[in-house]
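Okay, so here's the structure we're looking at.
The values are calculated or read from the model by the stated rules, or taken from the named source; none is laboratory data. The model shown is predicted, which means the values in this text are computed figures rather than measured ones. All Cβ positions, even for glycine, are placed from backbone atoms using ideal geometry, and neighbour counts span all protein chains on display. Note: accessible area is taken over every heavy atom of the protein model, side chains too, but ligands, DNA and RNA are not part of it. Shrake-Rupley method; radii C 1.70, N 1.55, O 1.52, S 1.80 Å.
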Amino acid sequence: MNNTKEKLFSEFQAPSTQEWLDKIQVDLKGADFQKRLVWRTPEGFNVQPFYRREDVEKLQTPNALPGEFPFVRGNKKDDNTWYIRQEIKADDAKEANAHALDILNKGIDSLSFKIPGKKVSAEFVEQLLEGIYCDIVEVNFSTCKRHSLELAQILVEYFEKKGYDKEKVVGSIDWDPMEKMVMQGKAVEPILQFAKPIVETLREYPNFRCITVNAASLNNAGAYIVQELGYALAWGNEYLQQLTDAGVDATLAARKIKFNMGVSENYFMEIAKFRAARLLWANIVKQYEPKCDCACQMCVNAVTTTYNMTLFDAHVNLLRSQTETMSAALGGVHSIVVTPFDAAYETPNDFSERIARNQQLLLKEECHFNTVVDPGAGSYYIEELTTSLAAEAWKIFLKVEDEGGFLAAIKAGSVQDDINATNEKRHTLAAQRREFILGTNQFPNFTEKSDGKRPLEHSCGCGHKDETAYKAINATRLAADFEQLRLATEQAPKQPVAFMLTIGNLVWRQARAQFSCNFLASAGYKVMDNLGFGSVEEGIDAALAANADIVVLCSSDDEYAEYAIPAFKYLDGRAMFVVAGAPACADDLKAAGIENFIHVKVNQLETLKEYNHKLGIE
């Protein structure tokens, strides 16, 4: 059989890389290969249009084994099982307990309770966990950082009272005061002293972690993947350094750190991110000389991002979070939280929570993502991405270390400046439609109304008013600016009507009408497309009969010299006049008084804001 296989393949000569490149160059017909086909990622490295075995033979990652240092291929050897986690707001212990027991029967095996600091007590915890077997279900807790030590002590007493096997209790306390510093600029340095006693309190529970790196907050603020990864490593190393400096054994310290990381829409790069994260973290921990390699394992809870979520066309959020969940699962994380699709505008309800659960169950029960360890291993593309991300993230890590560590970098504001600059850049790209938000700045639902939906604001809720001493991160969703614009349009006395005056060349008028409809509907305008008119006068008469506020001339560049000025003069200020395109005769049209042009190079958001202003919508 082997001989037959070898003979079959011997009949085909494998083309070399250069032969592939030569063929591609012929097909490009003189176009620049670097500009046309090489992807210049925001992460700081280039991605080639194809990879071959020779590209990865020089890499180290393909030689790694699952469950072995440096854990690039995951912490497990036998399967890819992860915890399906759901978050519960535990303002009332009895209600939260009933909710938890209900969802445990619906596929959840990891619970995350958010407890108000003032309610932390033994009685509250006992009622909260009634009927929940903490040696079977993963249990995670979040509360005010000042009450986390008290919560840890209560939990240990509770676990001992129940007689749980310490090895079987899996979970975490989300204690991360540096998140408040980096995200909100709060001066909470005194709370850092609780790190050691929290770790010591839970030292006998090897699978219960209590120091958290909430890098998901950076992801939700628009950070690029390499930024989230690089800062997460520096963040974790800061805690590790502080714990060991305080006398905590390095093995214990490392085993108590957990990473909450976001997952964005970049499918393959997110898979590679989790692989690179484990690789780099393992090597960082190794420098502290732990007693076993198991301490070098990175425990990651992945949370689908809120940054790209939208208020309008909200069910598209399901598509976003589904691919994000797939990335996290294939990346081999410890647990996953799927953010419900309606989280941008309301507290998730039973329906949206059920759908979020089922998104993970689908991947487990029907797609069997939990059965194969590191399925991306050996993929030339993913191995290259893993190595490239690791290299760029390491640069950020070293930069932070040169600044004195993550805490020093927060105080100096360099981390905040970097993330804010990226967020601002991405908002600008979205405004220019160079970063698409499906259903928002590209292909909006023409007839959708908000129906009272408004962006949901989140707050800490712990009641403590910490001093603002440092720079903060401006965590604004990518679609927020367009949503604000569209909501303002909805509140206007009259919905503006944009009428497409299509005339001349059939191909060009149709293409420009489609572009213009998408462009203007993003502001909530009612768009009216047309099959075509015999004259500009006929088109304008039809527009005025339709009570149009905006008339968009849609034709070819060559024909604008013939149609634009007569149409503008005939309209005579009875509606706003817009030319779809950037014709060579634009200067002549401007000289005639035409001032509105829409095309791919204009800033869509600023243009629509200007149109709203002209229409009296603020």
Point to revise | Residue pairs meeting the criteria (Cβ under 7 Å; at least 6 apart or on separate chains; first within 18 Å of residue 496 (Cα to Cα) and in contact (Cβ under 8 Å) with a residue 40 or more places away in the chain, in the stretch 532-552; second open to solvent by less than 10 Å² (accessible area, probe 1.4 Å) and among the polar types (S, T, N, Q)) | key: 552/516
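Hey, does the stretch 548-570 have a residue that's exposed (fewer than 13 other Cβ atoms within 10 Å of the Cβ) and modelled with pLDDT of 95 or more? So that I can check it myself, show each step before the final result.
Filtering the stretch 548-570 for residues exposed (fewer than 13 other Cβ atoms within 10 Å of the Cβ) gives none.
Within the stretch 548-570 (the criterion being exposed (fewer than 13 other Cβ atoms within 10 Å of the Cβ) and modelled with pLDDT of 95 or more), the answer is no, since none of the residues qualifies.
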Check your understanding: In the stretch 105-136, how many are hydrophobic (A, V, I, L, M, F, W, C) and over 21 Å from residue 161 (Cβ atoms)?
Key -> 1
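So which helices (runs of 4 or more DSSP H) are wholly in the stretch 189-254 and hold at least 1 residues that are over 27 Å from the mean Cα position of the chain (by Cα) and surrounded by fewer than 23 Cβ atoms within 10 Å (Cβ to Cβ)?
On the way: elements: 195-201, 216-220, 225-245.
Filter on the stretch 189-254 gives 195-201, 225-245.
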Point to revise | Test: residue 268 is buried (at least 24 other Cβ atoms within 10 Å of the Cβ) and either at pLDDT 95 or above or closer than 30 Å to residue 453 by Cα (or both) | key: no
Check your understanding: Are any residues in the stretch 117-127 in contact with a helix residue (DSSP H, G or I) (Cβ under 6 Å, 6 or more places away or on another chain), more than 11 Å from residue 155 (Cβ to Cβ) and surrounded by fewer than 18 Cβ atoms within 10 Å (Cβ to Cβ), and if so, which ones?
Key -> 127
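Whether any residue in the stretch 333-351 is in contact (Cβ under 8 Å) with a residue 12 or more places away in the chain and in contact with a Gly (Cβ under 6 Å, 6 or more places away or on another chain) is what I want to check.
First, the residues of the stretch 333-351 that are in contact (Cβ under 8 Å) with a residue 12 or more places away in the chain: 333-347.
Within this subset, residues satisfying the condition of being in contact with a Gly (Cβ under 6 Å, 6 or more places away or on another chain) are none.
No - not one qualifying residue is present in the stretch 333-351.
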Practice item. Check whether at least one residue in the stretch 53-67 is assigned to a helix (DSSP H, G or I), within 30 Å of residue 16 (Cβ to Cβ) and among the acidic types (Asp, Glu), and report yes or no. Key: yes
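Can you find even one residue in the stretch 80-89 that is farther than 30 Å from residue 174 by Cβ, open to solvent by 90 Å² or more (accessible area, probe 1.4 Å) and either part of a helix (DSSP H, G or I) or at pLDDT 95 or above (or both)?
Keep residues of the stretch 80-89 that are farther than 30 Å from residue 174 by Cβ, which gives none.
No, the stretch 80-89 has no match at all.
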Practice item. May I ask you to list pairs of residues, at least six apart or on different chains, whose Cβ atoms are under 6 Å apart, with the first in the stretch 589-614 being free of Cβ contacts under 8 Å to residues at least 60 places away in the same chain and the second being in a helix (DSSP H, G or I)? Key: 589/564; 592/565; 594/568
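Does residue 465 count as out of contact with any His (no Cβ under 8 Å at 6 or more places or on another chain), among the charged types (D, E, K, R) and modelled with pLDDT under 95? Can you show your working first?
Details: out of contact with any His (no Cβ under 8 Å at 6 or more places or on another chain): yes; among the charged types (D, E, K, R): yes; modelled with pLDDT under 95: yes.
Against the criterion (out of contact with any His (no Cβ under 8 Å at 6 or more places or on another chain), among the charged types (D, E, K, R) and modelled with pLDDT under 95), residue 465 qualifies.
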Point to revise | Candidate set from the stretch 584-609 (those that are farther than 30 Å from residue 425 by Cβ and open to solvent by less than 10 Å² (accessible area, probe 1.4 Å)); member that is farthest from the chain's Cα centre (by Cα) | key: 589
Review point. Taking the condition without any contact (Cβ under 8 Å) to a residue 12 or more places away in the chain and exposed (fewer than 12 other Cβ atoms within 10 Å of the Cβ), does residue 95 pass?
Key: no
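Could you check the stretch 297-345 and list, in sequence order, the residues that are touching a Lys or Arg at 6+ places or on another chain (Cβ under 7 Å) and more than 17 Å from residue 277 (Cα to Cα)? Give the steps one after another, and end with the answer.
Just the residues of the stretch 297-345 that are touching a Lys or Arg at 6+ places or on another chain (Cβ under 7 Å), to begin with: 298-299, 301, 306-309, 311-312, 331, 335-337, 344-345.
The answer is 306, 307, 308, 309, 311, 312, 337, 344, 345.
Would you check if there is a residue in the stretch 553-573 being more than 26 Å from residue 434 (Cβ to Cβ), in a loop (DSSP other than H, G, I, E, B) and in contact (Cβ under 8 Å) with a residue 24 or more places away in the chain? Full working, then the answer.
Let us first name the residues in the stretch 553-573 that are more than 26 Å from residue 434 (Cβ to Cβ), namely 558-559, 561-573.
Still in the running and in a loop (DSSP other than H, G, I, E, B): 572-573.
Among the residues that remain, those that are also in contact (Cβ under 8 Å) with a residue 24 or more places away in the chain are: none.
Checking the stretch 553-573: not a single residue is more than 26 Å from residue 434 (Cβ to Cβ), in a loop (DSSP other than H, G, I, E, B) and in contact (Cβ under 8 Å) with a residue 24 or more places away in the chain.
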Exercise for review: State all residues of the stretch 15-38 that are of a type in the set (D, E, K, R), assigned to a helix (DSSP H, G or I) and open to solvent by less than 100 Å² (accessible area, probe 1.4 Å); if no residue qualifies, say none.
Suggested key: 19, 22, 27
Practice item. Take the stretch 159-182 and flag every residue that is open to solvent by 10 Å² or more (accessible area, probe 1.4 Å), in a helix (DSSP H, G or I) and either out of contact with any strand residue (DSSP E or B) (no Cβ under 9 Å at 6 or more places or on another chain) or over 30 Å from residue 411 (Cα atoms) (or both). Key: 160, 161, 162, 166, 167, 168
Review point. Considering only residues of the stretch 128-157 that are in contact (Cβ under 8 Å) with a residue 40 or more places away in the chain and assigned to a strand (DSSP E or B), which is surrounded by the fewest Cβ atoms within 10 Å (Cβ to Cβ)?
Key: 138
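Which one of these is under 29 Å from residue 228 (Cα atoms) and either out of contact with any strand residue (DSSP E or B) (no Cβ under 8 Å at 6 or more places or on another chain) or in contact (Cβ under 8 Å) with a residue 40 or more places away in the chain (or both): 55, 27, 32?
Numbers: 27 fails: under 29 Å from residue 228 (Cα atoms); 32 fails: under 29 Å from residue 228 (Cα atoms).
Checking each option against the conditions leaves just 55.
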Practice item. Scan 489, 476, 422, 468 and give me the residue that is open to solvent by 70 Å² or more (accessible area, probe 1.4 Å) and of a type in the set (Ser, Thr, Tyr). Key: 468
